[in-house]
Amino acid sequence: MPIRTVYGANVEHLQIMDEHGVVDQELAKNPDGTPVLKDEETLELFIYMGKCRALDETAFKLQRSGRMGTYPQNKGQEAAAIGSAYALERGSDWLVPCYRENAALWMHGLPMHYVLLHWMGDERGNQIPPGVCQTPLCIPIGTQPLHAVGISWAFKMRGEKKLAITYFGDGATSEGDVHEALNFAAVFQTPTIFFCQNNQWAISVPRESQMNNETVAQRAIGYDIPCMQVDGNDLIAVYKVTRDAAKRAKSGGGPTFIEAVTYRLADHTTADDARRYRDPKEVEAWVGKDPIIRLRKYLTAKGLWNDEKQRQLDEEAKVMVADVIKAAETIAKPSTDDIFDHVFATLTPELELQKKTMRTHSLGQFPEQAGLAR
Ligand SMILES: Cc1ncc(C[n+]2csc(CCOP(=O)(O)OP(=O)(O)O)c2C)c(N)n1
Ligand SMILES: [Mg+2]
């Protein structure tokens, strides 16, 4: 009996715009000849990316000056966040994020200061306003893909034409939860997009030290989930693959796994110093692939952008950032009752006592000091 091959697979990589801003004219078109992204759309998304970068840089400074607890910069990953989010329907499709796709959350309606509140330690930053279809930032690595599968499974059971996209890092794909989510999504054919931001590092661990496979995308093959790799710093390519995955999900075709190859240009968070473990030459090489710089080159070559427009954008971004910070820093402080109000439907007598007395004594141990009976 000859040995037969019973399974074979490969992973495709899509790049439409290279790091010099040069576009493959054929790939940048839809089958009907229309552009994947129109000029006015590309321009709008470029401006958005610039503003997000400005807020990201300022958030870093807020932490350094003691005005924020910690912060994970999104710098360098804006095209992955915005290109994917733009392919989805706002107020209908659900975003289930990690913490490095702020731009996607803002584009889908999260007031920008909410992210700052979160990192300032104010829980109200996690209280997503009604009508904004997203879950709060998720810090336990790799747990949120399960939530996205649950959400999208519900859409399928209800017959709603909606999907859930979940964002996670390369490191997260080494966590068991992600694999359980992938398996469930494949078995139940849920309308889920697994969007992995492969930024090459999981804190100080490079991708090649935490997985034996060459691509992250191929992990999905084991679950028979269609997968592909995309240049995550290429706005047009990211948009195109996510749009196609959304179409598949909404037409009953089940989940898709997208590996966006990108790079964390900053430290892991403000609590990290990546100079201790990264080769500066590697960082330098990726600075040259910056998604904003390449898009600017592309738009400039097309006559859609120039230095004067950039100066205006920088000015507008400065005003916007100041407004966002003001909104985060001037929000009224919650009352001390707040810590008692959201845990029990009916407070226990001990907690009732603490609630009454905490303004005079933090533990409520001596109620008589506040003129209360024990
Ligand atoms: C369950 C869990 N384990 C460990 C951590 C600590 N931790 C925080 S970020 C991180 C690395 C995540 O890397 P990756 O998934 O690649 O995301 P990135 O930060 O690169 O965007 C780890 C291990 C955590 N937050 N949650
Ligand atoms: Mg990573």
Item checked: Any chance G222 is on the phi > 0 side of the Ramachandran plot and surrounded by fewer than 24 Cβ atoms within 10 Å (Cβ to Cβ) -> no
Next item on the list: Mind listing whichever residues of the stretch 317-335 are within 27 Å of S65 (Cβ to Cβ) and either among the aromatic types (F, W, Y) or exposed (fewer than 14 other Cβ atoms within 10 Å of the Cβ) (or both)?
Entry: K318, V319, A322, D323, K326, T330, A332, K333, P334
Checklist line | Candidates S204, S209 - the one that is in contact with a helix residue (DSSP H, G or I) (Cβ under 8 Å, 6 or more places away or on another chain), open to solvent by 40 Å² or more (accessible area, probe 1.4 Å) and within 16 Å of ligand 1 (Cβ to nearest atom) | finding: S204
Next item on the list: Could you list all residues from the stretch 42-82 that are part of a helix (DSSP H, G or I), open to solvent by 20 Å² or more (accessible area, probe 1.4 Å), among the charged types (D, E, K, R) and in contact with a helix residue (DSSP H, G or I) (Cβ under 8 Å, 6 or more places away or on another chain)?
Entry: K51, R53
Next item on the list: Go over the candidates P111, P2, P97, P72 one by one and state the one that is without any contact (Cβ under 8 Å) to a residue 24 or more places away in the chain and either of a type outside the set (A, V, I, L, M) or not assigned by TED's automatic domain parsing to the domain that holds G232 (or both).
Entry: P2
Notebook entry, point to check: Taking the stretch 156-173 only, how many residues are more than 13 Å from ligand 2 (Cβ to nearest atom) and open to solvent by less than 10 Å² (accessible area, probe 1.4 Å)?
Noted result: 4
Next item on the list: Identify, by number, the condition in (1) within 27 Å of the chain's Cα centre (by Cα); (2) hydroxyl-bearing (S, T, Y); (3) assigned to a helix (DSSP H, G or I) that T300 doesn't meet.
Entry: (1)
Next item on the list: Would you point out which residue out of A246, A181, A220 is out of contact with any Ser or Thr (no Cβ under 6 Å at 6 or more places or on another chain), over 30 Å from K29 (Cα atoms) and in the same structural domain as R100 (by TED's automatic domain parsing)?
Entry: A181
Check: Under the condition of being part of a helix (DSSP H, G or I) and away from ligand 1 (no atom under 16 Å from the Cβ), which residue from the stretch 83-113 is farthest from N233 (Cα to Cα)?
Finding: H113
Check: Which strands (runs of 3 or more DSSP E) sit wholly inside the stretch 174-292 and have at least 3 residues that are within 13 Å of ligand 2 (Cβ to nearest atom)?
Finding: 192-198, 256-261
Margin query: Contact list please: Cβ distance under 7 Å, first residue in the stretch 198-220 and touching a residue at least 40 places away in the same chain (Cβ under 8 Å), second residue aliphatic (A, V, I, L, M) and more than 8 Å from ligand 1 (Cβ to nearest atom), pairs at least six apart or on different chains.
Written below: N198/V216; N198/A260; N198/V261; T215/V11; A217/V11; A217/M228; Q218/V11
Notebook entry, point to check: Say we look at the stretch 334-374 and pick out the residues that are of a type in the set (S, T, N, Q) and part of a loop (DSSP other than H, G, I, E, B); which of these is modelled with the lowest pLDDT?
Noted result: S362
Check: So R296 fits all but one of (1) over 23 Å from E89 (Cβ atoms); (2) open to solvent by less than 60 Å² (accessible area, probe 1.4 Å); (3) touching a helix residue (DSSP H, G or I) at 6+ places or on another chain (Cβ under 9 Å); what number is the exception?
Finding: (2)
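The values are calculated or read from the model by the stated rules, or taken from the named source; none is laboratory data. Because the structure is predicted, anything quoted here is derived from the model rather than measured. As a convention, Cβ positions derive from the backbone with ideal geometry for all residues, glycine included, and neighbour counts pool all protein chains shown. Just the protein is used for accessible areas: all its heavy atoms, side chains included, with ligands, DNA and RNA removed. Shrake-Rupley method; radii C 1.70, N 1.55, O 1.52, S 1.80 Å.
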